[in-house]
Amino acid sequence: MASGVLVLLVSLAPAVVGCRSSTDPGVGLAPTTGAPTATGPAAAALWLSFDEPTTGYDGSTAYADAQGGPLAGRVVTGSRGGVRRVAGPPGRGSALAFPPRCSASTGCPRAMVEVPPSPLLDAGTGALRFGATVRLAPGQTTAGSNIVQKGRYGTAGGQWKLQVDSDEGFPSCMVRTAEEVLTVRSRVSVSDASWHRVSCRRDADGLVIEVDGTADRRAGGVGSVDNDEPVRIGSPGVGDDDDQFHGSIDDVFVRVGG
């Protein structure tokens, strides 16, 4: 299992601050969804809880990885977009709210959290888990709302992604390698304005998505995922054609190996 942790730099607006009920982002939510624990061999390579902001090297607001860590990231915005700290799930402190829906064809507000590339986040051919806690209202869904991903379509070295890819609010996981694209969609909608824990798991047998403990599996072999792309949260980019997430996100995690 790869070890290591990540500190995230972001630039955010004033916030609603809460207290964590535990050092485990899965407490009070589904315990089987692959949420990381703070210690031990199952510790995540990345866990972003969006609590306790500090100031980054460039003056922007900084958020440490919930386990402490050496890397940094930032919020990237476009067309006057931004993110806000808001109350997270009960007992889970703060979350990030992303720009609202916009009906214009160009110039809609855009924002994402971008974490620089790191080998700590590359699974190769090994096991991989990633996910987040999300809140999405029925009016916030689109045909493509990206939650967390590493790589984009056509990225050399493959890609992994968690998104909500329907107006009905059904999330899906995707892992793309040079050999195959594997996608699995949940039967559970998350667009009811409630908090849901959603995770993806790639193993030797295929790909699994879990929503609050309800699992759906797609069997299939996949090759290596190892790219030089950043991890992006809330959107794959800040252009007019990028799939912006319009709800709130908390407790983003990535676990490589084991």
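The values are calculated or read from the model by the stated rules, or taken from the named source; none is laboratory data. Source: prediction; values computed, not measured. Neighbour counts are summed over all protein chains in view; Cβ atoms, including those assigned to glycine, are modelled from backbone coordinates with ideal geometry. Only protein heavy atoms, including side chains, enter the accessible area calculation; ligands, DNA and RNA are left aside. Shrake-Rupley method; radii C 1.70, N 1.55, O 1.52, S 1.80 Å.
Here is the figure for segment 177-198: residues that are touching a residue at least 40 places away in the same chain (Cβ under 8 Å) and out of contact with any His (no Cβ under 6 Å at 6 or more places or on another chain) total 13. Here SER105 fulfils each of the conditions (1) farther than 19 Å from ARG217 by Cα; (2) of a type in the set (Ser, Thr, Tyr); (3) open to solvent by less than 10 Å² (accessible area, probe 1.4 Å) apart from (3).
Per this entry, VAL181 is not counted among residues that are buried (at least 20 other Cβ atoms within 10 Å of the Cβ) and at negative phi.
Applying the criterion of being touching a Pro at 6+ places or on another chain (Cβ under 9 Å) and modelled with pLDDT of 95 or more to the residues of segment 158-167, the residue that is surrounded by the fewest Cβ atoms within 10 Å (Cβ to Cβ) is GLN163. Being assigned to a strand (DSSP E or B), farther than 17 Å from PHE245 by Cα and not small (Gly, Ala, Ser), is that true of even one residue in segment 93-114? No, every residue in segment 93-114 fails to be assigned to a strand (DSSP E or B), farther than 17 Å from PHE245 by Cα and not small (Gly, Ala, Ser).
What residue, among those in segment 187-201 that are part of a loop (DSSP other than H, G, I, E, B) and among the charged types (D, E, K, R), is most open to solvent (accessible area, probe 1.4 Å)? Selected residue: ARG187. Cβ-Cβ contacts under 6 Å between residues 6 or more apart (or on different chains), taken from a first residue in segment 227-250 that is at pLDDT 95 or above to a second residue that is surrounded by fewer than 19 Cβ atoms within 10 Å (Cβ to Cβ) and in a strand (DSSP E or B), are listed as SER248/VAL86.
Conditions (1) open to solvent by less than 40 Å² (accessible area, probe 1.4 Å); (2) modelled with pLDDT under 95; (3) under 13 Å from GLN244 (Cα atoms); (4) hydroxyl-bearing (Ser, Thr, Tyr), marked per residue:
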| site | (1), (2), (3), (4) |
| --- | --- |
| SER118 | yes, yes, no, yes |
| ALA132 | yes, no, no, no |
| LEU136 | yes, no, yes, no |
| ALA143 | no, yes, yes, no |
| GLY169 | yes, no, no, no |
| MET174 | yes, no, no, no |
